[in-house]
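Input: a single structure, listed below in structure tokens.
No value in this document is a laboratory result; all are computed from the given coordinates. These numbers come from a predicted model, not from an experiment. Neighbour counts are summed over all protein chains in view; Cβ atoms, including those assigned to glycine, are modelled from backbone coordinates with ideal geometry.
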Amino acid sequence: MDLVALDQPHRHEAEVGELLVVVVVYAANIVKDVRENIRNLVGGRMSHYESLISKAIEQGLADLEEKASAKGYDGVLGVKISHPLVVDGGVEVIIYGNGYRLHVQEKES
């Protein structure tokens, strides 16, 4: 299955379908969350949240692919990943795009 960031199909024989949306929320480990809050006071990379965001994006893309497949689409066009939101105790990511179907043209004999 293709997840494509382009807004238009690269083939003319594709039918663009409905908007598919996936929301993923990952909870943070409370001990690591406290550590990140302390790091926020002194500065530096917040590696725990970076890891959570990365996992949420990977899960969201997999969920979008699964949702498209379940609806009979061949792929998803215009895939967008909203800016992940770090909330108290977790991260939220919204991923969306339009499903598409490829039309197989029969060859004339």
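Quick notes
- The range 81-92 - phi-based ³J(HN,Hα) in whole Hz, Karplus 6.51/-1.76/1.60, Gly and Pro as x: 10, 5, 5, x, 10, 8, 10, 4, x, x, 9, 10
- Point-charge dipole on Cβ atoms (K/R +1, D/E -1) for the range 2-102, about Cα centre, debye to 20: 360
- Long-range HN-HN contacts of Leu20 with modeled amide H, under 5 Å: Gly97, Asn98, Gly99
- Residues whose amide H comes within less than 5 Å of that of Leu3, counting only those at least five positions distant or on another chain, are Val76 (H built at 1.01 Å from N in the peptide plane).
- The HN-Hα couplings worked out from phi for the range 54-68 by the Karplus form 6.51 cos²θ - 1.76 cosθ + 1.60 (θ = phi - 60°) are 4, 5, 5, 5, 4, 5, x, 5, 5, 5, 5, 4, 5, 5, 5 Hz, whole numbers, x standing for Gly and Pro.
- The simple Förster model, with R0 at 30 Å and r as the Cβ-Cβ distance, assigns Leu85 and Glu18 a FRET efficiency of 0.75.
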